[in-house]
Protein chains: 6
Amino acid sequence: MVQKTKTVYFCAGWFTDKQNKAYQNAMNAIKENPTVDVEDSYVPLDHQYKGLRVDEHPELLEDREWATATYNGDRVGVSTSDLLLAVYIPNEEDVGMGVELGMASALGKHILVVIPDEDWGKPINLMSWGIGDQFIKMSELATFDFNKPTFNFYDGAVY
Amino acid sequence: MVQKTKTVYFCAGWFTDKQNKAYQNAMNAIKENPTVDVEDSYVPLDHQYKGLRVDEHPELLEDREWATATYNGDRVGVSTSDLLLAVYIPNEEDVGMGVELGMASALGKHILVVIPDEDWGKPINLMSWGIGDQFIKMSELATFDFNKPTFNFYDGAVY
Amino acid sequence: MVQKTKTVYFCAGWFTDKQNKAYQNAMNAIKENPTVDVEDSYVPLDHQYKGLRVDEHPELLEDREWATATYNGDRVGVSTSDLLLAVYIPNEEDVGMGVELGMASALGKHILVVIPDEDWGKPINLMSWGIGDQFIKMSELATFDFNKPTFNFYDGAVY
Amino acid sequence: MVQKTKTVYFCAGWFTDKQNKAYQNAMNAIKENPTVDVEDSYVPLDHQYKGLRVDEHPELLEDREWATATYNGDRVGVSTSDLLLAVYIPNEEDVGMGVELGMASALGKHILVVIPDEDWGKPINLMSWGIGDQFIKMSELATFDFNKPTFNFYDGAVY
Amino acid sequence: MVQKTKTVYFCAGWFTDKQNKAYQNAMNAIKENPTVDVEDSYVPLDHQYKGLRVDEHPELLEDREWATATYNGDRVGVSTSDLLLAVYIPNEEDVGMGVELGMASALGKHILVVIPDEDWGKPINLMSWGIGDQFIKMSELATFDFNKPTFNFYDGAVY
Amino acid sequence: MVQKTKTVYFCAGWFTDKQNKAYQNAMNAIKENPTVDVEDSYVPLDHQYKGLRVDEHPELLEDREWATATYNGDRVGVSTSDLLLAVYIPNEEDVGMGVELGMASALGKHILVVIPDEDWGKPINLMSWGIGDQFIKMSELATFDFNKPTFNFYDGAVY
C-alpha cells in the first residue's frame, strides 16, 4: 500500500517576524506530514524569475519582464498544485495572499487556512472568512490528512 | 443616440483617513462620469445583510448567518457588475480587496485599478500588479471611457 | 432617461398542471416588469432544434443530432442571458433545472429563484437552497428590479 | 508497478428503494474496482455537518448554519474529487444531482453516469444526456478503468 | 424604444488577400447592422501596444514587454466584449484565432462564425466545428440579430 | 519511494512530414521520461469515435454524430489530463491546436510547449506565445521533470 500525497501552493508572507516564524512552523509541519509531497509543492520564494531574489537585486522591482514572469510563476504554482495552503495571521494579512485565494477558489482548488494556535479565534477579514474552505490550527497541520479535505467554518469573528 | 453606461463593483477600503478620502473622491468622479451607471452599481457598504452595519451592531461579527450572507452579497456584486473598480492605495491594500480581485479575474471581469495622483508610481504588491488589467490616476476617473476597456501596465515598481 | 433592461434564461418545467400555471404566471409577470427585456430573453420551448417540438415529433427523442442541438441551444441560452430565472415549485423540481442552475452558477450568472406564494416556505432541495443567489415570491416578480440583484437566504427549510 | 487510483464524488440518491439498491450496488462495485480509491472518495452521507444526520435531527433542516455548511461540504467534495460518479435511475432523477452535474462540468471534472442494467436504454432528461461525458451500465462499473476516461453517447432516448 | 446593441471581439486574419477582403466585408456588414455597437467593439489591430504597429516597427516582435501587453490587450478584448465574431476562411485558419475561440468558450461568450458565401460548406477544422456556437454566411451578417443568439451546426464537413 | 507520474493531452499535428517526425520524436521522449504516465495519457488519434479513422472512412467527415463525439472526446481528453503537451512547429501551427490551448488555459491546465531544436527561436504566433506557460526544446523532453512545472518566456520573437 503506497501513501498518497498532495502538493500544496505554499501561500505565506515573509515580511514580519511573526510571519517568518509561522512560515517556518508551517514548513516544518508539512515536512513531517506523510500526506504532503513537499518536494513537488510550489514555494513562491523558490521561483523568483531567473533565480534572482529581489532583496539582493532591488532593481528587478522596476523590471516589467521580471515582474510579469514572477507573477506568472505564482499563477502557474496555484493552478498546478493540488491545493492552496494559506499560512494566515490575523491582522497581518496582505493583498497578495488575497489575490491567490481568489485565483485558487475560481479554479476549484481546496483552500486550507492555517492559523497559529495563539491567534486562533481572533477576527479575520470577511472575504477570507468566506472564501476559505477549511480552517485548522498550526498544531494540527503535521497530522492533518490532506487526502480528506472537507468544509468547516472558522471558529472566530470577522471584521 | 443614447449613452451606454457600465456598472461597477466599487472595491474600496474605508478604514483609514486616506482610504476614506480616496473613497469619496472616486465616488464623486464616477457620479460625474457619463459612462458609469452609479445607481445600479454595487457598493458593498450599502449591502450589509438586513441593512445592519457592523459598526452599529458589532455582535454581528460573530454571527455566521450574517457573515455568510454579507460575503455572498459581495460575491454576487462582483459577478453581476460589468467590471471591478478598485480604489487602490499603495501600502494600504488589504486582503479582502485581493480576494475580490481574484474572483473578478476568474469571471473575466475587467479590473480597473485607480490610484490617487499623489501615490501614482509608488510600488504596489506583485500580485495586484499582475492581476490588474488597466491602471489609471484618480484625476482621470471622471473622464475615463468605461465602454473602451483595454490593457496597460502600472507605471511603477512592485514589492 | 432610458430604462435599462435585463434578459433572462427562463428556466421552468411544463410537465404538470401546477408547473404550467406557474410558467404562465411568471411569463405574465416579466412581461409587465419594465426591467426585463422579454423579447430578447431565452425561452427553451421556443428553441427546439429546427422548430420541431418533441410532443409532435416523438421520433426526435431518439435522434442524437436533434438532442445535441437542443441541449446546446439551452447551453447557449444560459451563457448569453443576463441572468437565470428559475420558476421553482417545491417537490416538483427536476434534474434538468438542476443542471441549468449548476451551469449558470459556474458562469457567474445571477440565479433568481421564484416560488409561488402558496408554496413559499416549503422545504426545497439542499443543493438548490445553496446555489440560488436570491429567492422571491411569485407576487414580487412583476415589480422586482432586475438591475439591482443581491443575495438573500430562502425563507424555508431544506430536505 | 503501483496501480493508480482515482477518487470519486459519489452522487446518488437514497430516497427510494430502487435508489438504495443502486446505491449499494454501485458502492460495492467501486470497492471491487482496483482503479478507485474509495477511502479518499467523497460520499455526501458521510459529510453531514458536525456528523449530525437530518433523519435523526430534523430540526437541522431549518438551521441556516447547518444547511450552509452541508451545501459547502458537497461543493468541496465535487471540486476536490478526481471525477463525478452519478448513480442515475431514469425517472428518479432529482434536482440536487442536477446541480452537482452542472458544478462538476464547469470545473472540468469527468462525469461518469452509471445506470442499472435493467434501466439501460430508458429515456433520460435532455440536460443530463447532454452534460454527461460517459455512460456505462452498472455491471460494467467493477471493471471500468477509471484511469482511461473518454466520451460516448448514452444509448437511449431523451425526454 | 431604443435599439439594443452588442459589442464584438473582431477575430479575423489580415495576412492574405482573401483574409483582407473578408475582413473588410465583415467590417462593412457590422457597420450596417443596427444591432452591433461597432464603436465600442474590440478590433485587435487598433490595440497594438502604445499604438505601435509591428509592420512599421518589426523590432517590437522581439520585445517581451510589447508582446505581453499586446497579448493581454487581446485577452481583455475577448473578456470585455459581448461575443466573439470570427471571420473564418476554410483552409486559412490560424492558431491565434484558435486560442481566441478557446478563451471565449471558457468565458461563456457566444461564438459566431462567419464564412464567406463562396466558401460556405467547405470542410473546416474539427475543433472549430465543435467550439463554434452558431455559423452564418457573410451575406447574412448585415441583418443578423445580435440580440438573439442561438445554436446551429455548421452546414459542411470537418477535416 | 514511488515515482510520481503525470498524464498529458498529446496535442500534435500529423498532416506534414515535419509534423509526423516531431510527433514521433515527442512520443519517444515521453516514453523514456519516468515522470510521464504514457499509458493513461490522451492521444487524440487513439480516440476517434468508434475506432473509425477518417483517413479510412472519409464519409465520417460529413457525419454530425461522429464529429460531435470526436470533438467531445478531445474536450474530455484535455479536461481529464494533468497537463497539455503541445508539439509545436513554427509556421505549421493549426487552428485546432489553438482551440485546445485556449480550452486548457481556461481549466488551469499547465501548457507545456515543445519545439524541435532546429526550430527553436523562430517566431511564433503572438497568442501561442502568450498562452503557453512553459517552453522547452525537443531534446529536453525526455528528462524534463513533469512534477515541477513552472513559467518561462519563449526564447524567440512573435509574429
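Seen from C:Gly102, the other residues with C-beta closer than 12 Å to its C-beta sum to a net charge of +1, counting Lys and Arg as +1 and Asp and Glu as -1.
Close Lys pairs in segment B:8-143 (alpha-carbon distance under 22 Å; sequence gap of 8 or more, or different chains): 10.
Heavy-atom accessible surface of A:Met97, to the nearest 10 Å², is about 10 Å², with a 1.4 Å probe and all protein chains retained.
Could you sort E:Trp66, D:Trp120, E:Trp14 by their accessible area in this structure, using a 1.4 Å probe and putting the largest first? Show your work: numbers first, answer last.
On the way: E:Trp66 10, D:Trp120 65, E:Trp14 85 Å².
Listed by decreasing accessible area, they come as E:Trp14, D:Trp120, E:Trp66.
Angle of helix B:17-32 to the longest C-alpha principal axis of chain B, folded into 0 to 90 degrees and rounded to 10: 70°. Calculated mean residue ellipticity, 222 nm, the protein assembly as shown: -10000 deg cm²/dmol, from DSSP H runs (n ≥ 4) at -39500 (n - 2.57) each, averaged per residue and rounded to 500.
Applying the criteria of a DSSP loop state and at most 11 other Cβ atoms within 10 Å to the GluC sites (Glu not before Pro) of segment E:3-91 yields E:Glu39, E:Glu56. Put simply, the amide H of D:Thr7, placed in the peptide plane, has neighbours under 5 Å in D:Asp37, D:Asp82, D:Leu83, leaving out anything fewer than 5 places away on its chain. Taking a ≥ b ≥ c as the square roots of the eigenvalues of the Cα gyration tensor, an a/c ratio of 1.5 or more together with a/b no larger than b/c marks segment B:58-105 as oblate. Counting only heavy atoms of the protein chains and using a 1.4 Å probe, B:Lys4 has close to 60 Å² of accessible surface. Dipole check for chain E: with +1 at the C-beta of Lys and Arg, -1 at the C-beta of Asp and Glu, and the Cα centre as origin, the magnitude is about 440 Debye. The residue list A:Trp66, A:Thr35, A:Val54 was ranked by how far each Cα lies along the charge dipole of chain A toward its positive end, using unit charges on Cβ atoms, and A:Thr35 comes out on top. When the Cα gyration tensor is reduced to axis lengths a ≥ b ≥ c, the ratio a/c is 1.5 or higher for segment E:1-93, and with a/b not above b/c it is classed as oblate.
Look at the Cα gyration tensor of the protein assembly as shown: its axes a ≥ b ≥ c give a/c under 1.5, and that counts as rounded. Between the DSSP loop rule and a limit of at most 16 other Cβ atoms within 10 Å, which GluC sites (Glu not before Pro) in segment C:75-120 are left? Answer in residue order: C:Glu92.
Accessible area per residue for segment D:99-138 is 23 Å², calculated with a 1.4 Å probe on protein heavy atoms, without ligands, DNA or RNA.
Computed 3J(HN,Hα) for segment B:51-61, one whole-Hz value per residue from the Karplus formula 6.51 cos²θ - 1.76 cosθ + 1.60 where θ = phi - 60°, is x, 8, 8, 5, 5, 9, 10, x, 5, 5, 4, glycine and proline marked x. For E:Phe135, the residues 5 or more places off, or on other chains, whose built amide H falls under 5 Å of its own are E:Val113, E:Asn152.
Note every residue of segment F:115-138 with a reduction of at least 30 square angstrom in accessible area, all protein chains present versus the isolated chain, computed with a 1.4 Å probe, or write none. Residues shielded by partner chains are F:Asn125, F:Leu126, F:Met127, F:Trp129, F:Gly130, F:Ile131, F:Asp133.
Rounded to the nearest 10 square angstrom, F:Phe153 shows an accessible area of 20 square angstrom against a 1.4 Å probe. Along segment A:132-139 the Karplus relation, 6.51 cos²θ - 1.76 cosθ + 1.60 evaluated at θ = phi - 60°, assigns HN-Hα couplings of x, 8, 8, 10, 9, 7, 4, 5 Hz to successive residues, with x for each Gly and Pro. What you get for the protein assembly as shown, charging only the Cβ of Lys and Arg (+1) and of Asp and Glu (-1), is a dipole of about 0 debye around the Cα centre.
These residues, A:Arg64, E:Arg53, go from largest to smallest accessible area, 1.4 Å probe, as E:Arg53, A:Arg64. Applying 1/(1 + (r/R0)^6) with R0 = 45 Å to the Cβ-Cβ distance of F:Asp117 and B:Ser139 gives a FRET efficiency near 0.30.
How many square angstrom of accessible surface are buried between E and B, both sides summed, with a 1.4 Å probe and rounding to 100?
Numbers: alone 8880 and 8850 Å², together 16530 Å².
Roughly 1200 Å² of accessible surface disappears when E and B pair.
With a Förster radius of 45 Å applied to the C-beta separation of B:Val2 and A:Lys50, the computed FRET efficiency comes to 0.30. Share of carbon and sulfur in the accessible area of the protein assembly as shown stands at 49%, probe radius 1.4 Å. Spacing of the modelled spin labels on F:Asp17 and A:Phe15, each 7 Å from Cα toward Cβ, amounts to 5.9 nm.
Listed by chain and number, the aspartates and glutamates whose alpha-carbon sits under 17 Å from that of B:Lys4, ignoring those within fewer than 8 places in the same chain, are B:Glu32, B:Asp37, B:Glu39, B:Asp40, B:Asp82, B:Asp145, C:Asp37, C:Asp82, E:Asp37, E:Glu39, E:Asp40, E:Asp82.
Structural descriptor for chain D: relative contact order 26 percent, calculated from alpha carbon pairs under 8 angstrom and at least 6 residues apart.
In nanometres and ascending order, the distances from the B:Gly121 label point to those of the other copies are 3.9, 5.0, 6.5, 6.5, 7.8 (point 7 Å from Cα along Cα→Cβ). Put simply, the amide H of D:His110, placed in the peptide plane, has neighbours under 5 Å in D:Leu84, leaving out anything fewer than 5 places away on its chain. Taking 7 Å steps out from each Cα toward its Cβ at F:Asn147 and B:Asn147 produces label points 5.6 nm apart. Counting only the Cα atoms, chain E fills a convex hull of 118 Å³ per residue.
The values are calculated or read from the model by the stated rules, or taken from the named source; none is laboratory data. Fair warning: this is a prediction, and the values are worked out from it, not measured in the lab. All Cβ positions, glycine included, derive from the backbone under ideal geometry; neighbour counts span all protein chains shown. Side chains included, ligands, DNA and RNA excluded: accessible areas come from the protein's heavy atoms. Shrake-Rupley method; radii C 1.70, N 1.55, O 1.52, S 1.80 Å.
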